[in-house]
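What follows is one structure encoded as structure tokens, with my remarks underneath.
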Amino acid sequence: MLSNQLQNGMDRAKNMWSLLPNTDENEDDLLSILKKNDGGGVESLDYEVIENYAYWDEQAQRGKLFVGYSVAVKWLYALFIGIGTGLAAVFINMAVENFAGWKFSLTFALIQKSYVAGFIVYLAINLALVFSSVYIVTHFAPATAGSGIPEIKGYLNGIDIHGVLFFRTLIGKIFGSIGSVGGGLALGKEGPLVHTGACIASLLGQGGSSKYHLNSRWLQVFKSDRDRRDLVTCGCAAGVAAAFRAPVGGVLFALEEVTSWWKSQLLWRVFFTSAVVAVVVRAAMGWCKSGKCGHFGSGGFIIWDISDGQEDYSFAELLPMTVIGVIGGLLGALFNQLTLYITYWRRNHLHKKGNRVKIIEACLISVLTSIISFGLPLLRQCTPCPKPDPELGNECPRPPGTYGNYVNFYCSKDNEYNDLATIFFNTQDDAIRNLFSAKTMHEFSARSLLTFLVMFYTLAVVTFGTAVPAGQFVPGIMIGSTYGRLVGKFVVSFYKKPNIEEGTYALLGAASFLGGSMRMTVSLCVIMVEISNNLKFLPLIMLVLLMSKAVGDAFNEGLYEEQAQLKGIPLLESRPKYQMRKITAKEACGKRVVSFPRVAKVADVVSILRSNRHNGFPVIDYSRNGETRVIGLMLRSYLLGLLQSKVDFQHSPFSSDPRGSISSRHNFSEFVKPASSKGISIDDINLSSEDLEMYIDLLPYLNPSPYIVPEDMSLTKVYNLFRQLGLRHAFVVPRPSNVVGLITRKDLLIEDSEDSDAMELQSTSSSSSR
């Protein structure tokens, strides 16, 4: 069937599977989960409404009051998702800032007596935090490794990956992010926050976690994949809004990057969720300003206010800004390619050896990062502090790990600062503030910026793919702002204009690298404007994003798309392949079609379910003249539910009810697969020899109106149907010869009216005017 071809992935996904290594049975990472999952690696989600008799019986029992109740609950869930994601972000940021503050305070106190003792403590704290993170991933929640964005993107694209939205995944993501980011690795917490928001939304949608007895029947309202998909979309937007305090950017991120399906009602709920996140985050930061949150204060959430920076720009500056866009595209494409090669090598050679190797690898990278961040500033000669300016409020020098510029580290005099330590021996958030800062001309030397760029770029490439929760937003901003500020130094020395700020070019560099690596445009542009608080730079950010994306697309795909391919997630991208235009639906679909009769023997059903992994089966019946006709589509989950309940078993091989009085003995929600488990399998069902001789009438539970495509339809049009409608199956039939009628746009414009005769008259008149 065509459904089997599409649900197992297109040709590109199959080729990627052939390149992936064969993992051992003991390996418990996400790749092994994908391979062990039923259906040859991954399983599709049912975004289509199954309009069978069980569904209509349930709908008939619901009135307009239930519709209003359902809408109200969706908005209530959007509120809960915003509050939960906001509180999770506050907790993560507060923990990271406090761990970093304690680490730098203790290290700075020790280096006053001995730099060796300070380095040992600095190394030990980083190593302990990273070890806790990688231990959580390898022994508690393997699905928490990485950013989680490719997996969530696959879920919203219609791919069910077991374990990605579990409760333990949520807990592991939160505490694992604290360890990996607090441990000073070259990664961020923004991607994990997107995954965290998605987990919170999914758990709310299913009423909690039944495994850990943290569930409530009052919350189990939405049991379909369509409703859960909408909630997870709200969670993704909430994660970005919490990470950057950018609610509009969060909405656009969900629309542009992760979701494959959108509607206006969902837009309003996503926007509301992001607004709730912004309120929660702002309230938490206001409460923490009083000093109740320890080291978490003004240096907490990522927002780099450069509204007091460069006021205007000249036409001559567009050339170096364009160069920044080109550099961002080149370095971003190179980053994607290097991480792809290294990640593939890890899976093919390193991670096959078990969890112990993963732990050792992460710890070695932690040691290497600590040596570089502590040792390189020791080799840099300190610079005299600039003359104090009360208007700027730039204190010089400052101790390491404190908010502000001009860090004093291994300097012989008190009025000197170490420019390399200002960005290296510091938290990433504070380092970015220093790079974006205005009125700090000549604070960083070209040699220090180039050294930091090469070393941090290398660390980011090597760290990406380790068994820890990791995001790439902040490392990308660090890399881009470094070479952007480097270009800004040359622009200042060349044009010799006092109004040019190096921090402006640092902002543009950050946008260009993110655009060149992740290939986002609209959402990234809005996020950069929101975090910089300067609308004047909007045209410049648009320019560098367009340039970096165009250059990057000439070499490879975006970071998340390439990682999804490597992990074997068969995404249906927004645009089908060109060669699909020359392939018909008949050529693409499977040649062997497994079907059921309307009244099927239990033994035959069990045999077919055991012998193949199809998730949809055509159901055939015979007309009075003996002609075979397809009457609908039967899902595997429905068959398993009927076999387990045994309520519909009958002795007769004939249908017992006339067509006009068909009823269902089951509730429609009984056949929905739980989001937190794989559901039941055929091996979980116990049937006696007497049960196997019984029969089941499948008519009340099949989908009588599946999507049908003619055999000569191009695969491009079929691809668009699956992508835009979220389909899982479609029948391929011969070119029909008879036409029952013709539907036009007028037939879809039905107005609400209590007079059915008037509505019928309107339909008749519109049909006559075609």
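The values are calculated or read from the model by the stated rules, or taken from the named source; none is laboratory data. What you see is a predicted model, and the numbers here were worked out from it, not measured in a lab. Neighbour counts run over all protein chains shown; Cβ positions are idealised from the backbone, glycine included. Ligands, DNA and RNA are stripped out before the accessible areas are found, and what is left, the full protein with its side chains, is counted by its heavy atoms. Shrake-Rupley method; radii C 1.70, N 1.55, O 1.52, S 1.80 Å.
Using amide H atoms built in the peptide plane, which far-off residues or other-chain residues are under 5 Å from R398 H to H?
Under 5 Å from the amide H of R398 lie the amide H atoms of V407, N408, each far enough along the sequence or on another chain.
Within the set K153/K746; K113/K413; K189/K289; K413/K496; K387/K497, which residue pairs have Cα atoms separated by over 27 Å?
Over 27 Å apart, Cα to Cα: K153/K746; K413/K496.
By average Cβ neighbour count within 10 Å, what is the ranking of 459-471, 91-103 from highest down?
459-471, 91-103
With Cβ to Cβ distances under 12 Å as the rule, what net charge do the other residues near L486 carry (K, R +1; D, E -1)?
Summing Lys/Arg as +1 and Asp/Glu as -1 gives +2.
If you bin every alpha carbon distance in the stretch 126-198 into 10 Å steps from zero, what whole percent lands in each bin?
23, 53, 21, 3
Can you find, among W287, A238, T85, the residue sitting farthest towards the positive end of the charge dipole of the stretch 64-289, where Lys and Arg contribute +1 and Asp and Glu -1 at Cβ?
The residue sitting farthest along the positive end of the dipole is W287.
Report the calculated FRET efficiency for V49 and K536 (r = Cβ-Cβ distance, R0 = 41 Å), to the nearest 0.05.
The computed FRET efficiency comes out at 0.30.
For S44, which sequence-distant residues (separation of 5 or more, or a different chain) have an amide H within less than 5 Å of its own amide H, given hydrogens modelled in the peptide plane?
It is D160, by chain and number.
With a 10 Å radius around each residue's Cβ, average the other Cβ atoms per peptide and rank 484-497, 511-524, highest first.
511-524, 484-497
Using θ = phi - 60° and the Karplus relation 6.51 cos²θ - 1.76 cosθ + 1.60, list the HN-Hα couplings for the stretch 356-373 in order, rounded to whole Hz, with x at every Gly or Pro.
With the stated coefficients, the stretch 356-373 comes to 4, 5, 4, 5, 4, 4, 4, 5, 5, 5, 5, 4, 4, 5, 5, 4, 5, 5 Hz.
For the ranges 229-236, 269-276, what's the packing order if you count other beta-carbon atoms within 10 Å of each residue, average per peptide, and put the highest first?
229-236, 269-276
What lysines could a cross-link reach from K353, if we take a straight Cα to Cα line under 24 Å and drop same-chain neighbours fewer than 8 places away?
Cross-link targets: K35, K36, K173, K567.
Hey, quick one: spin label on S105, modelled 7 Å out along Cα-Cβ, who in the stretch 405-439 has an amide N within reach, i.e. under 16 Å?
Residues 427 fall inside that zone.
So what J values fall out for the stretch 257-272 if you push phi through Karplus, 6.51 cos²θ - 1.76 cosθ + 1.60 with θ = phi - 60°, rounded to Hz, Gly and Pro as x?
With coefficients 6.51, -1.76 and 1.60, one gets 9, 9, 8, 10, 9, 8, 8, 5, 5, 5, 4, 5, 5, 5, 5, 5 Hz.
Excluding residues on the same chain fewer than 8 positions from K64, give the lysines whose Cα lies under 19 Å from its Cα.
K74
How much net charge surrounds V593 when only the other residues with a Cβ under 13 Å from the Cβ of V593 are counted, with Lys and Arg +1 and Asp and Glu -1?
+2
Can you run phi through the Karplus equation (6.51, -1.76, 1.60; θ = phi - 60°) for the stretch 496-501 and list ³J(HN,Hα) in whole Hz, with x for Gly and Pro?
Computed from phi, the couplings for the stretch 496-501 are 6, 10, x, 8, 7, 10 Hz.
Please work out whether the stretch 315-567 counts as rounded, prolate or oblate from its C-alpha gyration tensor, where a ≥ b ≥ c are the square roots of the eigenvalues and a/c under 1.5 means rounded, while otherwise a/b larger than b/c means prolate and anything else oblate?
Oblate is the answer for the stretch 315-567, as a/c is 1.5 or above yet b/c matches or exceeds a/b.
If you roll a 1.4 Å probe over the heavy atoms of the protein chains, what accessible area per residue do you get for the stretch 315-567, in Å²?
37
Mind listing the long-range amide H neighbours of N703? Cut-off is under 5 Å, sequence gap 5 or more, other chains count too, H placed in the peptide plane at 1.01 Å from N.
L633, M634, L635
Once every Cα of the stretch 64-289 carries one equal point scatterer and solvent is ignored, give the base-10 log of I(q)/I(0) from the Debye formula at q = 0.07, 0.09, 0.16 Å⁻¹, two decimals.
-0.24, -0.39, -1.05
Note down, for the stretch 565-608, the three equivalent ellipsoid semi-axes (square root of 5 times each alpha carbon gyration tensor eigenvalue), biggest first, whole angstrom.
Equivalent ellipsoid semi-axes, largest first: 34, 17, 9 Å.
Between the stretch 242-262 and the stretch 408-470, what's the alpha-carbon centroid distance in Å?
With the stretch 242-262 and the stretch 408-470 each reduced to a Cα centre, they are spaced 29 Å.
Under a crude label model (7 Å from the Cα following the beta-carbon direction), how far is N720 from D621 in nanometres?
So the two model labels end up 3.4 nm from each other.
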